[in-house]
1. As an exercise, use a Förster radius of 25 Å and the Cβ-Cβ distance of residue 149 and residue 93 to find the FRET efficiency, rounded to the nearest 0.05.
2. Could you give the length gained by full extension between residue 126 and residue 156, i.e. 0.36 nm per residue of separation minus their alpha carbon distance, to one decimal place?
3. Calculate the spin-label point distance for residue 134 paired with residue 75, positioning each point 7 Å from the Cα along the beta-carbon direction, and give it in nanometres.
4. Cα convex hull of the chain: how many Å³ per residue?
5. In degrees from 0 to 90, rounded to the nearest 10, what is the angle of the helix 16-39 Cα long axis to the longest principal axis of the chain?
6. Would you give the gap between the C-alpha center of the stretch 86-129 and the C-alpha center of the stretch 20-84, rounded to a whole Å?
7. Filter the GluC sites (Glu not before Pro) in the stretch 72-154 down to the DSSP loop ones having no more than 12 other Cβ atoms within 10 Å, then list what survives.
8. Working from Cα positions, state the angle (0 to 90°, nearest 10) between the long axis of helix 82-116 and the longest principal axis of the chain.
Amino acid sequence: MTKTKEDKKSNINLTKKQYLCLIRALSVADSVYGILGDSYPKEYKKFSNEIDELQSYILEKAQEYGIGDWAETFDGKQVLKDELMEFFYEVLIDYNEESFWNELETRLGQRDFARTVTSQEKKEINDRGGWLPERIHHLYEQWGKELEDHGLERLEVNTGKTE
């Protein structure tokens, strides 16, 4: 069987600092794609498995970088020890927290924009290929300040009838 260009291996020389950075990046990617692969298997499972394989391969070199105690064998693959995975999982917790507030600010700003969009702005959006007018940034800023100052405390569900 002949190897394709894709199958050929090459050497990449990394400093210990670069190697540790790669492990951190792969750990976060593995967590993200692992969750997506479980939730949306058709779209993400294959890539999730590929990241798992890459991470295992990279961790096989841990001894060479003096951090062999970071990895352990599980189910025939090299994986990070649980206590390290918990440490790297903190990155995802911070990311999810920041993402939540950013997404909430954006969606509330877009909702308010949609409620007040003028016919001139609709034309501008159409002319600009879907880009929203500058006014949207003012709404994002308003919601950003509200959420920063009060969190969810002043958000309420309006149970009145809508017209």
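1. 0.65
2. Values: separation 30, 0.36 × 30 = 10.80 nm, distance 3.30 nm.
Residue separation times 0.36 nm, minus the Cα-Cα distance, leaves 7.5 nm.
3. Between residue 75 and residue 134, the label points sit 5.4 nm apart.
4. Values: hull volume 41.2 nm³, N = 163.
Given the Cα convex hull of the chain, per-residue volume reads 253 Å³.
5. 60 degrees
6. Comparing the Cα centres of the stretch 86-129 and the stretch 20-84, I get a distance of 31 Å.
7. 134, 153
8. Roughly 20 degrees between the two axes.
Bear in mind that the values in this text are calculations on the coordinates, not laboratory data. Predicted, not measured: the structure shown is a model, and the values here were computed from it. Virtual Cβ from ideal backbone geometry, glycine too; neighbours counted across all protein chains shown.
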